[in-house]
1. Hey, among the residues in segment 1-17 that are open to solvent by less than 80 Å² (accessible area, probe 1.4 Å) and assigned to a loop (DSSP other than H, G, I, E, B), which one's farthest from VAL312 (Cα to Cα)?
2. Does LYS337 satisfy the condition of being within 26 Å of ARG190 (Cβ to Cβ), open to solvent by 70 Å² or more (accessible area, probe 1.4 Å) and either without any contact (Cβ under 8 Å) to a residue 60 or more places away in the chain or hydroxyl-bearing (Ser, Thr, Tyr) (or both)?
3. Strands (runs of 3 or more DSSP E) wholly in segment 51-154 with at least 2 residues that are in contact (Cβ under 8 Å) with a residue 40 or more places away in the chain - which ones?
4. Quick check on segment 243-259. Is at least one of its residues over 30 Å from LYS166 (Cβ atoms), of a type outside the set (Val, Ile, Thr) and touching a strand residue (DSSP E or B) at 6+ places or on another chain (Cβ under 8 Å)?
5. Hey, can you tell me all the residues within segment 233-248 that are farther than 12 Å from GLU304 by Cα and at pLDDT 95 or above?
6. Collect the residues in segment 78-100 that are surrounded by fewer than 21 Cβ atoms within 10 Å (Cβ to Cβ), of a type in the set (Phe, Trp, Tyr) and under 39 Å from the mean Cα position of the chain (by Cα), keeping them in residue-number order.
7. So in segment 314-327, with the set limited to residues that are in contact with a Lys or Arg (Cβ under 9 Å, 6 or more places away or on another chain) and over 14 Å from TYR218 (Cα atoms), which one is surrounded by the most Cβ atoms within 10 Å (Cβ to Cβ)?
8. Residues that are closer than 26 Å to GLU210 by Cβ, among the polar types (S, T, N, Q), open to solvent by 10 Å² or more (accessible area, probe 1.4 Å) and free of Cβ contacts under 8 Å to residues at least 12 places away in the same chain: does segment 297-313 have at least one?
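The values are calculated or read from the model by the stated rules, or taken from the named source; none is laboratory data. Computed from a prediction, not measured in an experiment: that's the story for all the values here. Virtual Cβ from ideal backbone geometry, glycine too; neighbours counted across all protein chains shown. For the accessible areas, the whole protein counts, side chains as well, though only heavy atoms, and no ligand, DNA or RNA atoms are used. Shrake-Rupley method; radii C 1.70, N 1.55, O 1.52, S 1.80 Å.
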Amino acid sequence: MYYLHCLPPSVEPRVSDHIPQIIDMIKQIVDNGYAYSVDGDVYFSVTKIPDYGRLSGRRLEDNRAGERVAVDSRKKNPADFALWKSAKEGEPFWESPWGPGRPGWHIECSAMSAVYLGYSFDIHGGGMDLMFPHHENEIVQSCAACCESNISYWVHNGFVTINSEKMSKSLGNFFTIRQVIELYHPLALRLFLMGTHYRSPINYSDALLEFASERIFYIYQTLFDSQLFLKEHEKASLKDSIPQDIASCIKDFQNTFVISMSDDLHTPVVLAGLSDPLKTINDLLHTRKGKKRELRIESLAALEKAVRNVLVALGLMPTSYSEALHQLKEKALKRAKMSEAEVKQKIEERDTSRKNKEYEKSDAVRKELAAVGITLMDSPEGTTWRPVVPTALQQEPTVTN
């Protein structure tokens, strides 16, 4: 999570440290007439809540008893769920007014969130699969304990799929973040994940991660080049204005960011919006026309700042551009199963072939490197390389939702 630039939670509570608060909440629900006890178990009575199912849109009569667990004949309604379970041999248990036992699946979340956030708070997250019954049950038990309970926004994320199947341990088709970032930069993975709206399923593939890696390298290379240029001209006397077209480019980009992020965190649109300011930066840095522009330094400074602010907000800002570029190249070499020295040797072989006018040989070296995700760039100063999507993967579809 640290490598992915995910902020740490303020509190990471443990259920076992909050048993008294859980028992207090269950007592409150029972006292308010929404639950009943049977032989040391306590069940929530769902028929007491007329709009049970309002989050998922499911009706009580739609729930088919016995699909997931055996029906308990002691329950008043098959959909009633456990708030407290009586102790079973070999399981942990705590003393309670209903005898020794442990909390049910849902009550811990309501009790602990009430402790740290109160009964009403802004955002509640979780996977799509938790909407029913887990979050549905959280809502009714919290409202039964406190009538003012309310969540402003429910944020449910889609699944990561592989070949359109949900990634899961039971299917044996899963792998960990640690395994992925062995070969790909953590921020390339973050960019890949943000390239699909969080509520939509996202299909994992090496091709999509390669495209994300190439894209983030382009972003950081552009900003690094801009940073170098600005540092070289930091003593220049700058004006307070920038050309109208540059100002419009920045304003459009900032508006796209605010509107899209305000629309249920629509990150794919924001990432697509990076294209114009980045292209403008590259034009100002490298094209003949761009180099002649008035207020060139001021324009680059303003554009770089606008892009940087958005990267910071998205958690995509590296400690330094140069360090991130170096790390991205190291990961690319690892995927290519090559060392920096071996790439340099290939570049020298190609240079020799070009000098000898053996262009078929020089082209073969370029193609050989491109096949493993390394592209060569020629300039008056010599030949350098950067990561690229391997040739075979460039034909794969890359469209996501």
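1. Per the criteria, the residue is PRO13.
2. Taking the combined requirement at face value, the residue satisfies it.
3. Hits in segment 51-154: 81-86, 101-103.
4. Taking segment 243-259 and keeping what is over 30 Å from LYS166 (Cβ atoms), we get 243-259.
Keeping just the survivors that are of a type outside the set (Val, Ile, Thr) gives 243-245, 247-249, 251-255, 257.
Next cut, touching a strand residue (DSSP E or B) at 6+ places or on another chain (Cβ under 8 Å) only: none.
The answer is no, given that none of the residues of segment 243-259 is over 30 Å from LYS166 (Cβ atoms), of a type outside the set (Val, Ile, Thr) and touching a strand residue (DSSP E or B) at 6+ places or on another chain (Cβ under 8 Å).
5. Correct list: ILE242, PRO243, GLN244, ASP245, ALA247, SER248.
6. Within segment 78-100, PHE93, TRP94 qualify.
7. Top of the filtered list is LEU314.
8. No; the residues of segment 297-313 include none that is closer than 26 Å to GLU210 by Cβ, among the polar types (S, T, N, Q), open to solvent by 10 Å² or more (accessible area, probe 1.4 Å) and free of Cβ contacts under 8 Å to residues at least 12 places away in the same chain.
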